[in-house]
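Sharing a structure here in structure tokens format.
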Amino acid sequence: MTALETAGERAGEKLRDEMQALGRAARAAAAIVARATPAQRSDALNYAADAIRATRSAILDANRRDLQAARDKRLSAGMIDRLMLDDKRVEAMASGLAEVAALPDPIGTVLADWTRPNGLRIQRVRVPLGVIGIIYESRPNVTADAGGLCIRSGNAAILRGGSESFHSSRAIVAAIENGLERAGLPRAAVQLVPTTDRAAVGHMLAMNDLIDVIVPRGGRALIERVQTESRLPVIAHLEGVCHVYLDRAADPAKARQIVLNAKMRRTGVCGAAETLLVDRAVAGELLPPILADLHAAGCEIRGDEAVRAFDRNARAATEQDWYAEYLDAILAVKVVDGLDAAIRHVNHYGSHHTDAIVTEEKAAAETFLNEVDSAIVLLNASTQFADGGEFGMGAEIGISTGRLPPRGPIGAEQLTSFKYVVRGDGQVRP
């Protein structure tokens, strides 16, 4: 073995040992957080919110380091927007933690209660999952959301953020640790993997004795790697290939404002619309002003032949465009032959994340809402509402796009399991 190979092996062993130490600390912390009172968990979150506000300058300084590195790597405008923090976004993180603190504590909630003929009383009671490993890319606010939701749900968290947001996430975790300590809870309840080495992900996926579930949030490559390599249960947040469908009974004013907001409010979020579908019967009426709005906002249009007949500036869409999550000011636009064709397109090309219909016809709305196989379906509203905070959850770790629960926004309640508590009075089974 060469000296270089020996050094590499030692580095690998060191990283493995560091990850194991993180796991052991998280396991011990999880037991303490689970036993804490609801008030103590709320205090930790409120103190963490205070610490984020108090260290705003340090967080923004750390974020500037990440942004400069991102620009040096020539990351896309959409990726830089996801990465960027400002005063408003820092305050949103703090407010989100405070909102999570104010939510009902899910731990110990009795989900069902019944008594059998033999006198046994059976209750189904909500309990924490334990240690949650969360792997995510770019957006530093996920650090605050994930840490806060794990505390609220009585869990411990091991966070592996993207290398692009490493300095920002480290500053945010320091604030959360401060909140935990002030509330008398272990700092190890929320830990950030202290390296950008991608091998750390592989170690997390094999730590089935120390981590109970993995939550990946990112692009298709990350999700596929986690689902392939993980020895642990996975709650996957896949990419957001989100659609807006304008039905023949769409209100033109609603259609116009919803499409512009769904695409351009923030192009780098997973709930941003990536494809617009329009019923052929109303394309001539609806599309020209909508396309003009999008162009004026700086959006590139990639359209089929019918769309390009309305818009000389539209580029020709390829088959790959219908699958694309741009996370940028680009929108694929297609004219379809009615509601059934729209539903077929969404179910075939979409990622089962978030899809919307704009219509004033109740039957069309109900058909779309019932038949589109996505975690979130909306009527006459922007896809940008695909967010746990907008659902009243305070925050979210991501949007689970699988069919098994939990599905949709992952808030504190979705980070729990349950157990059966059975109370008897000497009963024995005959």
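Does any residue of segment 47-65 turn out to be surrounded by 14 or more Cβ atoms within 10 Å (Cβ to Cβ), in contact with a strand residue (DSSP E or B) (Cβ under 8 Å, 6 or more places away or on another chain) and touching a residue at least 24 places away in the same chain (Cβ under 8 Å)?
Checked segment 47-65: no residue is surrounded by 14 or more Cβ atoms within 10 Å (Cβ to Cβ), in contact with a strand residue (DSSP E or B) (Cβ under 8 Å, 6 or more places away or on another chain) and touching a residue at least 24 places away in the same chain (Cβ under 8 Å).
Can you tell me how many residues within segment 38-57 are farther than 14 Å from Ala102 by Cα, of a type in the set (Ser, Thr, Tyr) and either assigned to a loop (DSSP other than H, G, I, E, B) or touching a helix residue (DSSP H, G or I) at 6+ places or on another chain (Cβ under 7 Å) (or both)?
1
Restricting to segment 147-196, what's the tally of residues that are modelled with pLDDT of 95 or more, in contact with a Phe, Trp or Tyr (Cβ under 8 Å, 6 or more places away or on another chain) and farther than 12 Å from Ala48 by Cβ?
2
Just need a number here: residues in segment 108-122 that are under 11 Å from Phe418 (Cβ atoms) and polar (S, T, N, Q).
Looking only at that region, the number is 1.
Let me ask another. Here are some conditions: (1) closer than 24 Å to Ile80 by Cα; (2) modelled with pLDDT of 95 or more; (3) touching a helix residue (DSSP H, G or I) at 6+ places or on another chain (Cβ under 9 Å). Asp321 meets all but one. Which one does it not meet?
Unmet condition: (3).
Let me ask another. Of all residues in segment 72-128 being loosely packed, with under 14 Cβ neighbours inside 10 Å and among the β-branched types (Val, Ile, Thr), which is farthest from the chain's Cα centre (by Cα)?
The extreme case among them is Thr115.
Can you name the strands (runs of 3 or more DSSP E) wholly within segment 187-279 that have at least 1 residues being outside the structural domain of Leu15 (by TED's automatic domain parsing) and surrounded by fewer than 21 Cβ atoms within 10 Å (Cβ to Cβ)?
So the answer is 213-217.
Are any residues in segment 129-153 outside any helix (DSSP H, G or I) and crowded, with 24+ Cβ neighbours inside 10 Å, and if so, which ones?
Val131, Ile132, Gly133, Ile134, Ile135, Tyr136, Ser138, Arg139, Pro140, Ser153
Enumerate the pairs (first residue in segment 414-430 and farther than 10 Å from Ile122 by Cβ and in the same structural domain as Ser153 (by TED's automatic domain parsing); second residue anywhere and of a type in the set (S, T, N, Q) and surrounded by 11 or more Cβ atoms within 10 Å (Cβ to Cβ)) with beta-carbon separation below 7 Å, excluding pairs fewer than 6 apart on the same chain, so at least 6 apart or on different chains.
Sorted first by the residue in segment 414-430, then by its partner, the pairs are Leu415/Ser153; Leu415/Asn155; Thr416/Ser153.
Which residue out of Arg312, Arg344 is charged (D, E, K, R), assigned to a helix (DSSP H, G or I), at negative phi and surrounded by fewer than 15 Cβ atoms within 10 Å (Cβ to Cβ)?
Arg344
Still on this structure: Please indicate, with yes or no, whether at least one residue in segment 362-384 is β-branched (Val, Ile, Thr), surrounded by fewer than 21 Cβ atoms within 10 Å (Cβ to Cβ), in contact (Cβ under 8 Å) with a residue 24 or more places away in the chain and more than 30 Å from Arg315 (Cβ to Cβ).
Within segment 362-384 (the criterion being β-branched (Val, Ile, Thr), surrounded by fewer than 21 Cβ atoms within 10 Å (Cβ to Cβ), in contact (Cβ under 8 Å) with a residue 24 or more places away in the chain and more than 30 Å from Arg315 (Cβ to Cβ)), the answer is yes, since at least one residue qualifies.
Can I ask one more? What number of residues within segment 154-186 satisfy the criterion of being part of a loop (DSSP other than H, G, I, E, B) and closer than 15 Å to Ala31 by Cβ?
Qualifying residue count, segment 154-186: 5.
On the basis of being of a type outside the set (S, T, N, Q), in a helix (DSSP H, G or I) and either in the same structural domain as Ala171 (by TED's automatic domain parsing) or at pLDDT 95 or above (or both), does Leu60 make the cut?
Yes: the conditions hold for Leu60.
The values are calculated or read from the model by the stated rules, or taken from the named source; none is laboratory data. Keep in mind that this is a model prediction, so the values were computed, not measured. Neighbour counts are summed over all protein chains in view; Cβ atoms, including those assigned to glycine, are modelled from backbone coordinates with ideal geometry.
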